[in-house]
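Visitor: Dumping the structure here so I can ask a few things about it.
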Amino acid sequence: MPFGEYPYTIDDKGRVVIPPAFRDFLDDGMVLTRGMEGCLYVFPSAEWKRIEEALIDLPLNDNSGRAWVRFFYSGASKVRLDNQGRASVPNTLRTFANLESEVMIAGAPKRLEVWNTDRWTASIAEIQAMPPAQDTLPEPLRRLVG
């Protein structure tokens, strides 16, 4: 699993360097899509295939399922690293995540996240200032931080 956080810049052509520590994780290609809290999610191709299978199984008559597919799937873009380890981020995704120059690339279980640096800093500061109450944490996290 990828972990750590790495500050980078996105160039005027919309390319961002993927940190060397994360490149093996993405060696078979990747899919970029909209993430939660205004960041982008970067999934390795194999993980994206698993996600696609789950999305296919959502019933068409479920409003929230259709909305989630629309948000998550319609913004997706297949990407490969170039020879310098850069990924091209489509303009629609750059706009969504407000990626203009400084970005933070962070590891997460089964994915990477690409953040506008100001949003990243605010998100981390919010967690530090007010940790979530134990009863609002998912069960696996409650056991972990006990």
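Visitor: Within the stretch 46-71, count every residue that is surrounded by 11 or more Cβ atoms within 10 Å (Cβ to Cβ) and acidic (D, E).
Guide: 3
Visitor: A follow-up question, please. Looking at the stretch 28-41, can you tell me whether even one residue there is aliphatic (A, V, I, L, M) and loosely packed, with under 13 Cβ neighbours inside 10 Å?
Guide: Checked the stretch 28-41: at least one residue is aliphatic (A, V, I, L, M) and loosely packed, with under 13 Cβ neighbours inside 10 Å.
Visitor: Which condition from (1) out of contact with any Ser or Thr (no Cβ under 8 Å at 6 or more places or on another chain); (2) hydrophobic (A, V, I, L, M, F, W, C); (3) part of a helix (DSSP H, G or I) is the one that L81 breaks?
Guide: Single failed check for L81: (3).
Visitor: Determine whether E47 is part of a helix (DSSP H, G or I) and more than 21 Å from S123 (Cα to Cα).
Guide: yes
Visitor: Taking I124, is it modelled with pLDDT under 95, within 19 Å of the chain's Cα centre (by Cα) and either surrounded by 10 or more Cβ atoms within 10 Å (Cβ to Cβ) or hydrophobic (A, V, I, L, M, F, W, C) (or both)?
Guide: yes
Visitor: Tell me, yes or no, whether the stretch 77-85 has at least one residue that is at pLDDT 95 or above and under 20 Å from D118 (Cα atoms).
Guide: The answer is no, given that none of the residues of the stretch 77-85 is at pLDDT 95 or above and under 20 Å from D118 (Cα atoms).
The values are calculated or read from the model by the stated rules, or taken from the named source; none is laboratory data. Only a predicted model underlies this, so the values are computations on that prediction, with no experimental measurement involved. Here the Cβ is made from the backbone with ideal geometry for all residues, glycine too, and neighbour counts use every protein chain on show.
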